Every structure is written in structure tokens, then in C-alpha cells.
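Here is the structure we will look at.
Where a number appears in this text, it was derived from the coordinates with a stated rule and is not lab data. Just so we're clear, the structure is a prediction, and the values are computed from it rather than from any experiment. Here Cβ is always computed from backbone atoms with ideal geometry, including for glycine, and neighbour counts include all displayed protein chains.
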Amino acid sequence: MQYPLTEKIGQPELLVGREKEFRQFQKWLDKIPDKLSKSRVILARRKSGKTVFVQRIFNQLWNENGLTIPFFFDVADTKIWYPTAAIDYYCAFASQYISFLERDEKLVNKRLSLEDIRKYGKANAIGEFVDDVDFLLQNKEVGGCHDLMWKTACSAPHRFADFYEKRFLVIIDEFQNLTRYVYPDPLYQTAPIETLAGSFHSLSESKIAPMLVTGSYVGWLLLVIRQYLEAGRLKQIRFSPYLTQEEGLQAVYKYAQFYNEPITNETAVQINELCMSDPFFISCVIQNELENKDLTSSSGVIERVNYEISDRRSEMSETWNEYLQLTLKRINDRHAKNMLLHLSKHAYRYWTPRDLKAALSLPLDINQIQDKLLILSEADMIEQGVADIDFRGLQDGTLNLILRNRFEKEITESKSGPNLKLEFEKKIETLTAKNQQLQGQLNHLSGKMAEHLLATAFRSRKRFALSDFFQEVIDTTRLNIIEVKEGVFIQRSDGKKMEIDVVAQSSCGRVVLIEVKKRQAKTGQTIVEDFQEKVEVYKKQFPEQKILPAFLSLGGFTEDARHVCQTHEIGWAETIRHY
């Protein structure tokens, strides 16, 4: 798969999980060609993965080269002059459309100029390009028809879809920024054009160019949608910042692998548990630069998780501090913080202003409390219920930890803040109180992550005989593992690429090659023979190395497959014996 749109996550493989969300969106995407898909808005706080999610949708559609043409535009939080914004939007659209037509991925990130777009339109008989560019060039100076320039730009996907019988998906990231950063004068001396989002009022109803909108400040984004698009025009999709437990554990293994951070299978479970399967939290813990870091022990895990929450210099704290500064600046008083902290701690139920006044002994009247709660709600720090007077904390464990660390000492007037480190220790103790509990989790999850579990076991044990893991191994001399790689590609003489799941290098020059199958059905003869072919190709490329092949099939082997293993001296296993 190609990735013409550079994804914010960096290495594409670091996008882990979200299988449920991708399945749901795929149904929606499949209906776009038939004009059956309604525009959507993804609602989620910062660092929840929504941007890379929609970027992956763009890249997926671009690669499919099907009936739906993707267009992605990020509304930056920097000041921009009105006609410049129009040209920027139009050039992004035109460049990505041409990229799709020509299958030239470079044009997605390298935007064409208006002049180049006009040349392309003239050469390929796309008159809309020629006419649009002529109009934009004629009106870009001071005194031009800037409103019409913007209309020309923002309506382009719908117009092209209509005129050329195409389908577009218009993806706009950080949509709410349209109301705050586009200025009518080039020196930014007047107020920004707050109503600019209203340009998409009718476009958001398009079935030939539906929209997919995102924003990091949910309350602000919803306010913009209600004011300028009418709330019902975009179907609201709530996007959790958390992965499933299994996906979270996958993320731990994946980040540790990419950043070359040693972990064990036990500490992988602990990291995932303390980080609550939050991929951003996990990435911060894996990548932080705390001295004497050690993620192969429980104490090392606790130290690093606590650092990310408690130290203002950590990436986690700095990211949340920026978020809190923007959202709490209108209500930076003790009573508001007290209510916010209380609601976050007791997020399992709704609270009315009267409830909070009684529970917290607030010296405020009911209306004052209601006003503060409304501001907190608009700032995305709490959520409002169906009734106007019902409020509750967000179901967000990471936010709760940050708020407690930031405000609990101030609110409770204690000499010290919360002892989160002690709480993490108790959580680990509970998790590992029974070795069977931890072992059970690993066994349950091994079906999807057998490569990670096996590779991590090799790294953490380091010195062992291959017969500790596999049966009928001919060479039982102990290995001294110095490097373990997952997903190693080799190339056959005819150019075909082949992937080996796990490659482990020993200091003595021996190399372990492992194939892993995770299907419920038993592995048959053909699959083992395909692995043997990979072994032979690897031997030709590295003739000086002694190869130890092994095959892990969690679904078992047929008798014929077992015979092939014996014939070619391939060690075999149906479970992971050691973690």
C-alpha cells in the first residue's frame, strides 16, 4: 500500500487497532458511489487518533483507485488572509484530484500552483480548472471579489462531482479553526471571519461530495456546527481515545519494537493496564527519556508512567497543559476546578448544580454553579446530559489522572498531592497477585499477537535452547540471542517478496527463522512447504549462517504437515511454552 498523504503517526505500522471503527466507516464509504452516505463529524479530544484515522481513510481510497476520490484539508491554527485561504484550499483540492487521476502520489503533499493547475486543465480538457484559476488569479489582490473566490474554492469538490459525474469525499481536519484564523485584511487588524464555516451549510448536505469533519475541541466544534451547519446535517460519531485491551497490548509491543525499547510480556501487560490502552499515553511511556529507564521490571514501568503524569516536562503533561490552558482560561477559579475534579472522580453519574452545591459546600448560588458548568461543558471538560441541569465528568481515565495531579493539592489544601505512584503499585500488585491471572491474559491474547509474544520472550530470556520452545529441534545447543526482528522481508530470484515472521540472531552465527500461524484451522502440508521455500531462499542469501527453522501453529498441524516438519528438520509447536 502506498501512503501519498504523509500520516502524522509517522511509520504507518504504528497505527494499531481501530478495527471496529474502520469496519463501521467502510460501510459508510461503500455507499458513497450510490449517493447514500450522509456527511459525518468525528468528535474526540486531542491525541485520540482521529487525524491519523481520517488520513488512513484518504490513503485507503487513493490506493483503491475506485469511484470515490478523497480530498484532505487541514485547517491550521495560524492566521491567514481570506483570498490566500481560498487559493490554498483550491490548490490542495486540485493537486489531490490530479494526483488521483494521474496516480502520482507526490502531488498530494507537493501542491501545484494555480498556473500549473491551469496548464493541466487546458492540456486535459478540464475546463473547470481553467475557468476557476482565471477567476482566482483575477481577484486575489486587495479589492477583489474575495467572497466569490472562497465560494469557488469550497464548492469545487461538489461542482466537479456534479459536472464530471464523480464522487468525492471531503475530509476537513480541525474544522472549527475556520471561525478563528481567516482574516478579511492582509495585516490581520480586524476580527477574523467567524461565519466562514457557514460556507459549507448547503455543501454539508451533498451526497456526491459528502464531508468528513473533525475537531480537537468538541464543545467549540459542536457550537460551530449548530450555528452554521445545523446540527442534523452532519451525523455525529463519538471517537474514544482508548483502544480495546487487546489492541492496546498490540500497541505496546509495536511501539517497543519500533523504538527498540526492551520489555517483557509481563511488563507489556502492566504498561497497557496503567496506560488504560490509550495509544498516546503508551507511546509517551515507551519514548520518554527518563534516566535509568527500565521497562523490563514492574518498578521501572511504574516510574515511567508516574513521570509522564506527574512531571510537567514530560510529553504527556505538556500536551495536556496546553489543552487545559486553552479550555480553562475562562473559568480559572477554585470553585470551577473543584467541580471539575469532583465530576471527573465520579463520572459514573450525572450531577445537578444543586447536587454539587450540597456535595462540595459551594458558597455559590445555583445559577452561578450552572453558568460555570455550562462553560466547562463548552470547553470539553465535562458533558451535559439530556436535561439542561444534568452534568457529568468525561469517561476519560487519562484526563482524570491529569486533573487529580494538577488540582487535588490545591482543592483539598493538603500538604502533598495524590500519591499516584502508590496507586500504580497497588494496581500492579492486583494485576499480578495471581500468576495464573496474568498468564491467562497472555494466553487469551496470544491468538492475535503470537509473533510479538514469541519475539519478546526471545529478547527477555536471551539465553536458551530452541527446544525450550519447539519440539523435535535437532540443534539443542543454547543460543545467545543478540537481535530479534519481526516481519523480515526477503526476495526470491524472480522478484517475489516473502515475509518471515520472526528472525532471531545468535552471537554464535546461528539464525532462528520462525513462521507463525494463528488460524483456528490446522496448518496443512502446503503451508509448511511454503515456509521451507522461504528458508531455502534465506539460506541462498546468507550462506555463511546456520539456519534453525521452526513453525508455531496455534491451530495445530495435520499429520502431513507434521511429517514435512520432520523431513526438513523444522521444529514445531502448537502453544507458546514460555513467556
Least to most buried among TYR164, TYR188, by other C-beta atoms within 10 Å and fewest first, runs TYR164, TYR188
Length gained, ASP333-ASP560, 0.36 nm per residue minus C-alpha separation, equals 74.4 nm
Binned at 10 Å from zero, the C-alpha pair distances of the range 491-579 give percents of 16, 49, 30, 5
Quick calc, THR6 & ASP30: beta-carbon distance into FRET formula, R0 22 Å, rounding 0.05, result 0.25
Exposure-ranked with fewest Cβ neighbours within 10 Å first, CYS508, CYS275 stand as CYS508, CYS275
Here the averaged projected area of the chain, based on the convex hull of its alpha-carbon atoms and given in nm², is 32.2
per DSSP, antiparallel bridges as share of beta bridges in the range 449-573, % nearest 5, sits at 55
When CYS284, CYS91 are arranged by how many other beta-carbons sit within 10 Å of their Cβ, fewest first, they go CYS91, CYS284
So SER467 and ARG312, fully extended at 0.36 nm per residue minus their Cα-Cα distance, gain in nm 51.0 nm
Residue by residue through the range 43-59, the couplings from Karplus 6.51 cos²θ - 1.76 cosθ + 1.60 with θ = phi - 60°, in Hz, x for Gly and Pro, are 10, 6, 6, 4, 6, 9, x, 6, 5, 5, 4, 6, 5, 5, 4, 4, 5
For the range 12-238 the translational diffusion coefficient, Stokes-Einstein from a Kirkwood Rh over Cα pairs at 25 °C and viscosity 0.890 mPa s, in µm²/s, is roughly 136
Using alpha-carbon coordinates alone, the radius of gyration and Dmax of the range 225-369 in Å work out to 19.7, 56
Here, trypsin sites (Lys or Arg not before Pro) of the range 264-345 satisfying both criteria (DSSP loop; at most 13 other Cβ within 10 Å) are ARG312, ARG313
So the number of lysine pairs in the range 317-395 with alpha-carbon atoms under 14 angstrom apart, 8 or more residues apart or on different chains, is 6
Of the listed pairs LYS35/LYS235; LYS31/LYS106; LYS8/LYS497; LYS50/LYS207; LYS35/LYS166, those with alpha carbons more than 18 Å apart are LYS31/LYS106; LYS8/LYS497; LYS50/LYS207
Here FRET efficiency (C-beta to C-beta, LYS79 to LEU374, R₀ 35 Å, nearest 0.05) is 0.75
In terms of the alpha carbon gyration tensor, root eigenvalues a ≥ b ≥ c, rounded if a/c is under 1.5 and otherwise prolate when a/b exceeds b/c or oblate, the range 317-395 is prolate
Restricted to the chain, the DSSP antiparallel beta bridge percent, nearest 5, is 40
Cα extents of the range 57-177 per principal axis, largest first, Å, are 43, 34, 25
Note on the range 449-573: contact order normalised by length, alpha-carbon pairs under 8 Å, 6 or more apart, percent, works out to 25
Taking a straight Cα-to-Cα line shorter than 19 Å from LYS522, and setting aside same-chain lysines fewer than 8 residues away, one finds LYS448
The extension gain from GLN395 to THR296, computed as 0.36 nm times the residue separation minus the Cα-Cα distance, is 32.6 nm
Distance in nm between GLU21 and HIS201 label points, each 7 Å along Cα→Cβ, equals 3.2
For ILE382, other-chain or 5+-apart residues with amide H closer than 5 Å (H placed, Pro excluded) are SER377
Here, GLU322 and CYS508, labelled 7 Å along Cα→Cβ, have an inter-label distance in nm of 5.2
At R0 = 22 Å the Cβ-Cβ FRET efficiency linking GLU13 and ASN260, nearest 0.05, sits at 0.95
